[in-house]
Amino acid sequence: MLDTQQYDVIVDAKEDRCPMPLLKLKMALAKMSANQTVCVYANDEGSLKDIPHFLALVGLPLVEQGERESTYYFVTCKQES
């Protein structure tokens, strides 16, 4: 897997089905400070569409996206308001 030490927040949604990975990301972002990074791990294929779409909608960058060991991952950085 990815080096988890490089992220401020890790959201492990590997056991969750749509829409929970996205909801967990939204909850994490609400608690984060500006310039912190979050990595979401998910196994649900719906996340491949939902998370990038949500990030584009709210204007957050999709810093990294990929798949390792049958797990999808998404990295974003919270911007200053």
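FYI, it's all coordinate maths here, none of it is from the lab. Given the structure is predicted, the values throughout are model-derived calculations rather than measurements. Using ideal geometry, Cβ is built from the backbone for each residue, glycine included, and neighbour counts are taken over all protein chains shown.
Only bridges whose two residues both fall in the chain count here: according to DSSP, what percent of them are antiparallel, nearest 5?
Rounded to the nearest five, the antiparallel share is 70 percent.
Where only DSSP H runs of four or more residues are counted, the chain gives -9000 deg cm²/dmol as its mean residue ellipticity at 222 nm, each run worth -39500 (n - 2.57). The distance separating the Cα centre of the range 10-49 from that of the range 54-81 comes to 9 Å. Helix 47-58 and the long axis of the chain differ in direction by around 10°, with both axes built from C-alpha atoms.
With r defined as the distance between the Cβ atoms of Leu23 and Lys49 and R0 fixed at 25 Å, what FRET efficiency is calculated, to the nearest 0.05? FRET efficiency, Leu23 to Lys49: 0.95. Within a straight-line Cα-Cα reach of under 17 Å, Lys49 can be paired with the following lysines, leaving aside sequence neighbours fewer than 8 residues apart in one chain: Lys14, Lys24, Lys26. For the chain, find the longest principal axis of its Cα atoms and tell me its angle to the long axis of helix 20-31, 0 to 90°, nearest 10. Helix 20-31 and the main axis of the chain meet at about 20 degrees. Over the chain, the Kirkwood radius and the radius of gyration, each from Cα atoms, give a ratio Rg/Rh of 0.92. In loop segments of the range 3-81 as defined by DSSP, the trypsin sites (Lys or Arg not before Pro) with at most 16 further C-beta atoms inside 10 Å of their C-beta are Lys14, Arg17.
Comparing Val38, Val58, Val11 in a Gaussian network model of the chain where C-alpha atoms under 10 Å apart are linked, the largest mean-square fluctuation is found at Val58.
For the chain, relative contact order (Cα pairs under 8 Å, six or more residues apart, normalised by length) works out to 33 percent.
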